[in-house]
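A short write-up of the structure that comes next.
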């Protein structure tokens, strides 16, 4: 049955990536140590326990349906249509068979051919993504509902995002770029998702608009973790004046507002009130290292483009490229070929459009992008304290990150669009995993 669907379904590109990731899997890891004076660790659990424990999904009826179901298999789902494809598998829109109410809910199912994975030597990449998805429990990251095997296929059921991806949505905007306010909103939600991943010791390594999906409610979901690097991180609370590097002075430290979602009235002790208002939450895998050549050409960091080892700072470089593209409708270092793009990333200067910034918000945006696109990973904004430093940049002033899920998403053109827009130059055949 799976073979029939994989052979005959017509592809739609809502879930397929229009820029493809390159990879060369030679990785070395070192454990991360925290710089903080006060640290804490989360209890560990088995993969099975992790799948079952999703606190932020406790009130989600869709998740409850899967929790109450045991031994799910391919026959428990009906496939509606194909919504994405790649060189090692396909993504289908599906429904869970059963009660009429449940049958109306839509999910996304990734169907991957294990024999093709083995032939292309990408089995480890698929295992890495499944391992990460079992760990995730966050509003801006996918929820793993079920996973099972059917013949030599592996199936993963997750959330379905009907709003498309930010790459296709950007192409629907006036001048193919988002307004500053919309770009700020999407950047903030991606930043929160990156912070959570880094807290788990996961370096994403494939941030790009194609991998930022939009749910029906307008909020985002970061997807595709096959290129991610798993390491260790120790979440910690630091004093804002405590720096792991005495020469490190982030430009974003001008206005620290940690724990802004928590009112001091919740703390009875004056001492605790003082501590809560003068601490930063830090969760950054600063010691993880890899020699893999992975990413999308327009988004890879200079250290990757130059063939050097890299760590967590590559995500903050990609975040800078992401914001630049959202605001200006193009990436800052794109060349006429992949080789030209990599040379520009490694050696070329950062430049902005010739027009003068139209207000303080764009001035702050350019300052933030400049800090994130520092070619020296040791001086790059976010490389030492991650999101704790990036969040405090003036570009995000007045934004309560802890309550961003309650903010009304921007109304952007094409939010219901089902097809992706024209692709950029590809780097390699795209794989769903």
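The values are calculated or read from the model by the stated rules, or taken from the named source; none is laboratory data. Just so it is clear, the model here is predicted, and its values are computed rather than measured. Cβ atoms come from the backbone with ideal geometry, glycine included; neighbour counts cover every protein chain shown.
Annotation: residue 360 fulfils all but one of (1) surrounded by 14 or more Cβ atoms within 10 Å (Cβ to Cβ); (2) in the same structural domain as residue 194 (by TED's automatic domain parsing); the unmet one is (1). Within the span defined as the stretch 147-166, one or more residues are at positive phi, in contact (Cβ under 8 Å) with a residue 40 or more places away in the chain and surrounded by 17 or more Cβ atoms within 10 Å (Cβ to Cβ).
Go over the candidates 376, 367 one by one and state the one that is within 29 Å of residue 231 (Cα to Cα) and at pLDDT 95 or above. Let's see the steps before the verdict.
Numbers: 367 fails: within 29 Å of residue 231 (Cα to Cα).
None of the others qualify; the one that does is 376.
On the given criteria, is residue 340 over 27 Å from residue 395 (Cα atoms), in the same structural domain as residue 170 (by TED's automatic domain parsing) and touching a strand residue (DSSP E or B) at 6+ places or on another chain (Cβ under 8 Å)? Here the answer is no, as residue 340 does not meet what is asked.
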